[in-house]
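Each remark here refers to the structure printed beneath this line.
The values are calculated or read from the model by the stated rules, or taken from the named source; none is laboratory data. Since we're looking at a predicted model, the values are computed, not measured. Quick reminder, even Gly has a Cβ in these numbers, built from the backbone with ideal geometry, and neighbours come from all protein chains shown.
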């Protein structure tokens with residue numbers, strides 16, 4: 001079991017993702033945006049997150065900027081991205097190296113498999 005910080009601005013998508021990952025045995029903290037996630041990264045002292053699973057395109061701070069700030073706060077944190085805008089993301093040079101990218105739409109079982117594989121590394 002892992003402790004996952006899930007950041008997704010779409011409430012219904014956040015609900016579907018969290019249900020699938022909880023059924024797979026993971027514990028999640030859900031955030032609607034990057035600023036909320038940063039708050040939790042800096043304030044949760046008793047429990048360390050194992051994975052940051054974040055959408056890329058969000059209002060305000062995007063998921064890539066969030067991952068960069070998260071890496072400064074918690075260097076051990078693994079990162080995985082999700083996006084419905086793959087073409088836009090492919091030109092970004094500032095993404096976390098080797099962080100998996102799931103293109104929406106995807107099957108929840110594929111997401112769980114990718115999360116499991118990343119956590120196993």
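Brief remarks follow.
- Only a single criterion out of (1) over 13 Å from the mean Cα position of the chain (by Cα); (2) not in a loop (DSSP other than H, G, I, E, B) is not satisfied by residue 25, namely (2).
Conditions (1) at pLDDT 90 or above; (2) surrounded by fewer than 22 Cβ atoms within 10 Å (Cβ to Cβ); (3) out of contact with any strand residue (DSSP E or B) (no Cβ under 8 Å at 6 or more places or on another chain), marked per residue:
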site	(1), (2), (3)
33	yes, yes, no
36	yes, yes, no
39	yes, yes, yes
45	no, yes, yes
48	no, yes, no
63	yes, no, no
68	yes, yes, yes
71	yes, yes, no
77	yes, yes, no
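- Residue 15 at pLDDT 95 or above and outside any loop (DSSP other than H, G, I, E, B): yes
- Residue in segment 21-31 that is modelled with pLDDT of 95 or more and surrounded by fewer than 12 Cβ atoms within 10 Å (Cβ to Cβ) present: yes
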